[in-house]
């Protein structure tokens with residue numbers, strides 16, 4: 001038995017050494033033949049579809065021959081097929097494999113890189129508004145606004161990551177808690193004159209409360225059913241907000257939501273404003289910079305709390321719940337309470353973010369809390385890699401920044417002609433990009449899991465080991 | 001009821017530990033799934049500090065009994081008593097049964113009516129831990145993390161129900177260090193210390209079985225229920241398992257209830273064997289008694305059609321179970 005095993009590689013190795021010269025020739029011949037067959041087929045099929053063109057003429061249809069287009073298409077098929085044959089189908093190391101390996105290698109390198117990336121991003125985030133003000137004086141306001149938007153989604157992604165990534169409960173209605181937070185603040189300010197800082201904790205608590213309300217009925221559900229009920233819950237909240245006209249203003253929304261103050265100082269032009277107090281020239285950019293630092297602080301709090309929670313028994317219980325609920329119960333873990341804490345803590349961060357959203361916009365309406373928002377937040381979490389904190393950041397930048405950047409594709413009109421409106425294609429391009437990323441990295445950009453406790457040596461756990469929980 | 005359960009035991013005598021000092025009493029347990037009687041009027045005791053084996057051919061209802069004991073199934077009828085502290089504590093058992101409470105605990109002594117308790121409370125309060133026939137580890141978590149999850153309940157208290165833990169209180173850090181030490185102790189006992197930082201799903205099969213036992217032991221159980229712990233192990237691993245179970249019994253005073261098909265394991269380490277067939281008990285006693293019991297031989301090896309009818313006890317048990325199923329709540333006081 002042992003001897004045959006040692007023989008096997010030797011007998012394999014012999015032809016492998018002789019292969020290059022002989023086999024390469026055969027491969028080229030076969031590739032040329034295959035490409036010629038493909039080109040012939042393209043010629044036959046394309047003769048009618050590409051070579052003939054019919055135009056409507058006064059006397060009926062007129063046929064024009066397009067020989068150039070026909071020949072070009074045949075040549076493209078021949079060349080493409082030949083290249084595919086040589087480098088992918090018949091190659092010893094297919095080019096797609098190399099590209100794929102390179103891409104996944106990038107993903108493997110990310111964790112090691114992650115620590116430095118994390119620090120770099122953190123420092124960059126701290127100085128970002130001043131960087132924008134210095135580098136893009138004309139567009140600083142637009143860029144800071146975009147950064148605020150991205151950070152809001154980072155925070156939402158981190159909040160949802162607790163529910164979906166750690167506890168493994170697929171929540172398609174996360175935007176409901178975002179809405180609860182936003183409307184809590186808006187209504188508290190409208191009816192009781194609450195300011196942002198007073199309403200912020202209340203909005204978080206109310207959202208957590210709604211998380212528990214949602215949690216109770218869905219506790220017994222698993223998998224797809226859980227996802228459907230959370231989806232319904234998200235819609236119920238939106239529909240209630242839309243139809244309870246006397247209380248919420250219905251589709252008119254709520255406007256005049258107060259801006260956040262800096263220890264009682266408003267960002268206004270007057271003598272008692274922020275700029276006057278500190279002896280600065282008034283500039284509307286101050287308020288944007290302030291908003292940026294508020295959301296940065298909120299997001300960082302979310303991150304720190306989540307990282308802490310992961311190393312606490314409750315966080316381990318969440319992950320254990322994702323891995324195997326029955327085993328959890330056999331170890332004396334109350335799965336109902338564990339799920340409820342995941343729902344309510346995730347909801348609380350959603351509520352904080354919602355409250356910030358209300359104060360940033362100054363106006364909210366149910367239109368801001370549609371299912372598409374839930375889908376985008378979930379896409380950020382899944383794209384980043386379930387349970388990965390840095391993955392969420394990258395995914396939020398790519399997703400939200402990407403969608404916004406696609407608005408500025410004016411140069412494409414030079415390629416596709418003046419009738420081309422790139423804004424209409426941005427969701428298509430975005431969708432295609434998502435599909436490609438998920439094909440190459442099916443478990444997200446950062447798919448490995450970091451253990452929460454280490455005895456001797458920290459080893460990252462591959463995605464194939466980690467369960468995805470309910471409803472994936 | 002307790003006295004009746006004592007009388008029913010066909011073998012073993014008054015001196016047997018499982019009669020005088022049972023940690024677990026299963027009394028008139030019946031479990032029906034629709035029309036199917038998986039377990040019919042089953043009564044047996046597991047002695048404190050004993051290794052009790054539950055054996056029987058495939059489909060005899062062993063795992064169903066396990067699921068009833070550990071709360072994963074709610075029994076149709078019957079009473080399951082878990083006792084902390086020595087003796088039968090017959091009076092307390094009756095008191096708790098009649099009071100409608102789930103359990104009563106005073107100091108070291110405690111009575112737990114498992115049929116009334118949800119599964120996680122059985123593990124947490126009654127201190128009954130279990131493993132699964134098809135291993136259920138937290139595959140994406142390291143071996144160490146698996147053992148820390150098992151210490152969830154004491155750690156949650158130590159972390160001040162998470163609030164203290166978030167602020168990094170030193171008392172929680174100390175508690176976590178103690179939990180890691182305990183995990184290390186069991187990792188060493190199960191020879192998994194070198195794999196402590198590897199994900200559980202990455203371990204070989206035998207190691208996963210051992211890790212599951214270690215994880216169950218980290219909950220500080222008084223009764224450890226093992227569902228086919230030797231399934232899929234090679235002879236050397238089986239022998240190691242025997243040593244581990246003896247160690248658990250002798251050094252930790254944990255009673256063990258196990259389901260097993262590997263007769264080498266069963267006969268060598270069991271103090272007490274209960275044999276089931278078609279959901280009823282056909283034999284109960286020490287290894288020697290069970291080995292020579294004609295009912296057991298018949299159930300395992302099969303007998304001619306006429307002979308099988310000739311075994312009166314089986315027929316009695318089956319008809320008794322069928323009768324019980326009809327009459328209802330007789331088992332519950």
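The values are calculated or read from the model by the stated rules, or taken from the named source; none is laboratory data. Since this is a predicted model, take the numbers as computed values, not measurements. Neighbour counts are summed over all protein chains in view; Cβ atoms, including those assigned to glycine, are modelled from backbone coordinates with ideal geometry.
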Residue that is assigned to a helix (DSSP H, G or I), over 17 Å from residue A:372 (Cα atoms) and in contact with a strand residue (DSSP E or B) (Cβ under 6 Å, 6 or more places away or on another chain), where the choices are A:186, A:147: A:186
Residue that is surrounded by the fewest Cβ atoms within 10 Å (Cβ to Cβ) [pool: residues in region B:126-146 that are more than 14 Å from residue A:324 (Cα to Cα) and more than 8 Å from chain A (Cβ to nearest Cβ)]: B:133
Check whether at least one residue in region A:236-246 is in contact (Cβ under 8 Å) with a residue 24 or more places away in the chain, part of a loop (DSSP other than H, G, I, E, B) and surrounded by 15 or more Cβ atoms within 10 Å (Cβ to Cβ), and report yes or no. no
Within region A:350-384, work out how many residues are out of contact with any helix residue (DSSP H, G or I) (no Cβ under 6 Å at 6 or more places or on another chain) and in contact (Cβ under 8 Å) with a residue 60 or more places away in the chain. 12
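Here's the yes/no breakdown for (1) part of a helix (DSSP H, G or I); (2) in contact with a helix residue (DSSP H, G or I) (Cβ under 8 Å, 6 or more places away or on another chain); (3) modelled with pLDDT of 85 or more:
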| site | (1), (2), (3) |
| --- | --- |
| B:244 | yes, yes, yes |
| B:251 | yes, no, yes |
| B:264 | yes, yes, no |
| B:300 | yes, no, no |
| B:308 | yes, yes, no |
| B:314 | yes, yes, no |
| B:326 | yes, no, no |
| B:330 | yes, yes, no |
Sole miss for residue A:272 among (1) in contact with a strand residue (DSSP E or B) (Cβ under 6 Å, 6 or more places away or on another chain); (2) more than 19 Å from residue A:358 (Cβ to Cβ) is condition (1)
Taking the conditions exactly as written (within 30 Å of residue A:193 (Cα to Cα) and either in contact with a helix residue (DSSP H, G or I) (Cβ under 9 Å, 6 or more places away or on another chain) or more than 10 Å from every other protein chain (Cβ to nearest Cβ) (or both)), does residue A:275 satisfy them or not? yes
Here, helices (runs of 4 or more DSSP H) confined to region A:360-421 with at least 1 residues that are closer than 17 Å to residue A:168 by Cα and either at pLDDT 85 or above or under 22 Å from the mean Cα position of the chain (by Cα) (or both) are A:371-384, A:389-396
Just a yes or no: is a residue in region A:43-53 outside any helix (DSSP H, G or I), over 30 Å from residue A:299 (Cα atoms), at pLDDT below 80 and touching a strand residue (DSSP E or B) at 6+ places or on another chain (Cβ under 7 Å)? yes
Scan region A:452-468 and give yes if some residue there is in a loop (DSSP other than H, G, I, E, B), more than 14 Å from chain B (Cβ to nearest Cβ) and under 26 Å from residue A:226 (Cα atoms), otherwise no. no
Mind checking which residues of region A:195-213 are farther than 24 Å from residue A:232 by Cα and touching a residue at least 24 places away in the same chain (Cβ under 8 Å)? A:195, A:196, A:197, A:199, A:200
Subset of region A:310-334, residues at the interface with chain B (Cβ under 7 Å from one of its Cβ atoms) and in a helix (DSSP H, G or I), comes to A:313, A:314, A:316, A:317, A:319, A:320, A:323, A:326, A:327, A:329, A:330
Which residues, counting only those in region B:87-124, are within 13 Å of chain A (Cβ to nearest Cβ), surrounded by fewer than 20 Cβ atoms within 10 Å (Cβ to Cβ) and in a loop (DSSP other than H, G, I, E, B)? B:118
Selected residue (only one of A:358, A:353, A:347 is more than 14 Å from chain B (Cβ to nearest Cβ), closer than 30 Å to residue A:246 by Cα, buried (at least 22 other Cβ atoms within 10 Å of the Cβ) and in contact with a strand residue (DSSP E or B) (Cβ under 8 Å, 6 or more places away or on another chain)): A:358
Filter result (part of a loop (DSSP other than H, G, I, E, B) and free of Cβ contacts under 8 Å to residues at least 60 places away in the same chain) within region A:268-294: A:268, A:269, A:270, A:271, A:272, A:278, A:279, A:280, A:281, A:282, A:283
Of all residues being part of a helix (DSSP H, G or I) and out of contact with any helix residue (DSSP H, G or I) (no Cβ under 8 Å at 6 or more places or on another chain) in region B:147-173, which is farthest from the other protein chains (Cβ to nearest Cβ)? Just the residue, please. B:170
Filtering region B:100-154 down to residues that are more than 21 Å from the chain's Cα centre (by Cα) and on the phi > 0 side of the Ramachandran plot yields B:100, B:107
When the residues of region B:180-217 are filtered to those that are within 9 Å of chain A (Cβ to nearest Cβ), in contact with a helix residue (DSSP H, G or I) (Cβ under 6 Å, 6 or more places away or on another chain) and assigned to a helix (DSSP H, G or I), which remaining residue is farthest from residue A:457 (Cα to Cα)? B:215
